[in-house]
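Heads up, the thing below is written out as structure tokens.
The values are calculated or read from the model by the stated rules, or taken from the named source; none is laboratory data. Please read these numbers as outputs of a predicted model, since none were measured by experiment. In this analysis, Cβ positions are derived from the backbone assuming ideal geometry, glycine residues included, and neighbour counts consider all displayed protein chains. Keep in mind that these areas ignore ligands, DNA and RNA; they rest on the heavy atoms of the full protein, side chains included. Shrake-Rupley method; radii C 1.70, N 1.55, O 1.52, S 1.80 Å.
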Amino acid sequence: TGAPGAQGDILPDSIVALQTGPDVGPSYAGGMVYDSYSNAIYVTGSTYGSFSDPGVSPSAKSKCVFGVALLPKLQWKERSVFGTDQAPEACSALSLTNYLGKSEAMLVGSTEASGLLTGLSTNSAGVQQFGVILDLSNQNGKYELLGGTVIDDSPVQYPLQILTSDDKIYMVSMASRDSKVTSDFETSKKEYPNLTSGGVEKYGSDYNILVERHTLTRGPGGGGDVLATTMSLDWRKPFETADGKSIIVSGMAWIDGGEGVVVVGSTRGNEQTADFDGIMAKVNTEDGGFESEGSGSRSVAYFSSIPGRDDWILNVCSDPDDPSVFYIVGATNGNLVSSAETADGSIPIEAVVAKIQSDTLAIVWSTQFGVSSAPGTTAPAAHALGCDVVPGKGVIYVAGNVKSGAVIINPSEAQKSYGNDDIFVGMLETSSGNTVWLKQLGSSEDDRIAHGGGVVADQNGNAVVFGDTTGEFYRARSGDADPNSSDLFIAVFNQADGMHIPPLSSGAWYGSDKSSSFYSNPKYLAFAITVLVILGVTVFCFFYARSRARKRAEAQKSSIFAYLQQFDVEDIDLRKSPPGGWHGTYLNKLAYGINQADNQSHMPESLETQTSSAGATVEMAPLTHSSIVKDSLFMDTMSTPTLGSRDYYDDLAPRSYDERKNSLTDSSRGLT
């Protein structure tokens, strides 16, 4: 069958999953890439544990992790940890590049003074948090850290994404003008904070975009205990809004066949609304300036729906079949109809994906996924965090998080919450944005998609998802030292219908899909059937006994009437006596001692129906007034109750920078 990962060993529809651990410390997902040549998944993130075994004791500082898992069985080929005990390190993304005929790995992350690679800095004064690029060399299938480079241009920098093309390395960071500790970090109070891009920012408050290009220039030395600078800086360009609004950077992707990159993020709107809007900026890969193709094209655009509502772009991906477009994913609470509001009037935050024309930055289509809240909660939320186009198939994968017990809405197949934060994975058509399939799953605890690359398509077209979990997603945790510690997970979803390995824990059932709930549990199903049978037999026996008693009473009454026929008395009636037996009552004039018996039938006026002059039978003595009857009924005029919801929208529209006050500026050159 060939070596592991060779074409002959690939199972077209192998559905597998793994969860790391047990470990002495938590691990957090950073990013993932797929290598079709080796049919392997490469992942990075951070850990306070050992990553490769249970370990002895947790580390006080987080370190970067690097792992390689071979498909189709998701077998770990390599698991490594890079870091120091003096400062925290966390890696958020990685990329593979072909350098001198070998596939090399580049990781991006952050550290502090005395941390990994900070000895290579030439401008450390005043820097609170450094950015780093880790250069991992492929040494006969085993990756070794040679060194890399340090980003020390600002007091604080958060590297978020990396792209590589042979010896060229492109990186985007979120740089801060100040280094004060963030309020989010101060209030998180976590002993082991998540410092990847999916976690909490520790420093800074005023962020801008920092894009740079390096050239890999490995020389002699490096590796082992001696780490060397293995790349040189070609250019570094900061970008900011004209009015100095902070920008939350989230991703970067190739456009125009590699001639440019698009950087995405979110920023505050104008002074009147102050809502968040998504932002897209095109950068030329040659010199780092704005990318523009001529008349009608735009270099910067805002992704905005309704004024006063927030819109976020949380990631971006390219289309290998069409370099003139790209895709953005994120979240919005804009462009909603009133029926989409929750019962208490709150507006849900819904996941969104859009196809963008790269020259004009115009939307080709957009799809918005509705979300419903869990019982006892308000303001449901879902965020799309990753995407990847399947080459040659005309479909795109989208993955993200569903927050706090909410349920993502799929009209063709009801979904459910597994409890707390879940993940969702979906396949859409690239031509229209129509949903092919959509799945929500998780454990009973928190499950989250990696921000730096949470979903990729393998060479068979299946979706591979990467994230972290604090629950029993794919392994039991009863023997863990800290059951609340997070593990990494990787799961494969079948391309045809999204089939996947089911989670170990079922969690709480908030959705309408009963196939995996109380109704399908054999124990509870048998109990319900037994109760129904007993209830049915009891009801039958009750009515049967009542019917027999009524027949006996009628027979007894008939026999008494037959006896009375011996006498010349007809105006008499028999009624049941409360103490038992029968009670005779005189009627009409007989009640006054007058007996006028005749042989004709008699129709008393008290009968409920009589014949009208037209010959029709009409009701003469209604049991209650018609107004009372009306008030006592459920007068719903709808044949079927309608729950107001909307599953997608296609009228979101980005606005160009000259339509907004805060236009984006190349702050290195003063261009707008």
Let me check something: with ligands and nucleic acids excluded, how do His451, His214 order by accessible area (1.4 Å probe), largest to smallest? His451, His214
Entries of Lys142/Lys202; Lys77/Lys439; Lys73/Lys439; Lys393/Lys439; Lys355/Lys416 with Cα pairs more than 25 Å apart: Lys142/Lys202; Lys77/Lys439; Lys355/Lys416
For region 355-459, listing trypsin sites (Lys or Arg not before Pro) in a DSSP loop whose Cβ sees at most 15 other Cβ atoms within 10 Å gives Lys393
Listed residues Ile356, Ile15 arranged by accessible area, highest first, probe 1.4 Å: Ile15, Ile356
Would you kindly state how much longer the chain becomes between Asp166 and Glu144 on full extension, computed as 0.36 nm times their sequence separation minus their alpha carbon distance, in nm to one decimal? 6.1 nm
Please list the non-local residues whose amide H lies under 5 Å from the amide H of Gly453, H modeled 1.01 Å from N, same-chain partners needing a gap of 5 or more. Met32
Beyond 23 Å, what percent of the Cα pairs of region 134-224 remain? 40
Amide H to amide H under 5 Å from Ile255: which residues, 5+ apart in sequence or cross-chain, H placed 1.01 Å off N in plane? Gly260, Val261, Val262
Hey, what's the per residue convex hull volume over the C-alpha atoms of region 339-429, in cubic angstrom? 114
Provide the gained length on full extension for the span Met499 to Asp178, in nm with one decimal, where the gain is 0.36 nm per separating residue minus the Cα-Cα distance. 110.8 nm
Give a residue-ordered list of calculated ³J(HN,Hα) values for region 349-364 (Karplus: 6.51 cos²θ - 1.76 cosθ + 1.60, θ = phi - 60°; whole Hz; x for Gly, Pro). 9, 10, 5, 9, 9, 9, 9, 10, 6, 6, 7, 8, 6, 8, 7, 7
Heavy-atom accessible area of Phe303, protein chains in place, probe 1.4 angstrom, given in Å² to nearest 10, is 0
Within region 82-118, which residues have the backbone N less than 19 Å from the label spot 7 Å out from Val226 along Cα→beta-carbon, could you tell me? 117-118
Sites matching GluC sites (Glu not before Pro) across region 339-426 that sit in DSSP coil, with at most 15 neighbouring C-beta atoms within 10 Å: Glu341, Glu413
Between region 378-395 and region 93-114, how far is it from one alpha carbon centroid to the other, in angstrom? 26
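Kindly state, to the nearest 0.05, the FRET efficiency for Glu186 paired with Ser52, given R0 = 30 Å and r defined as their beta-carbon distance.
That pair, Glu186 with Ser52, gives E of 0.35.
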Carbon and sulfur atoms: what percent of the 1.4 Å accessible area of region 12-60 do they account for? 56
How large is ³J(HN,Hα) for each residue in region 165-178, as worked out from phi by the Karplus curve 6.51 cos²θ - 1.76 cosθ + 1.60 (θ = phi - 60°), to whole Hz, x for Gly and Pro? 9, 6, 8, 9, 10, 10, 9, 10, 10, 10, 9, 10, 7, 9
Work out from phi, with θ = phi - 60° and the Karplus expression 6.51 cos²θ - 1.76 cosθ + 1.60, the ³J(HN,Hα) of each residue of region 89-106, listed in order in whole Hz, and give x for Gly and Pro. 10, 8, 10, 10, 7, 8, 8, 9, 9, 8, 10, 6, x, 10, 8, 10, 10, 10
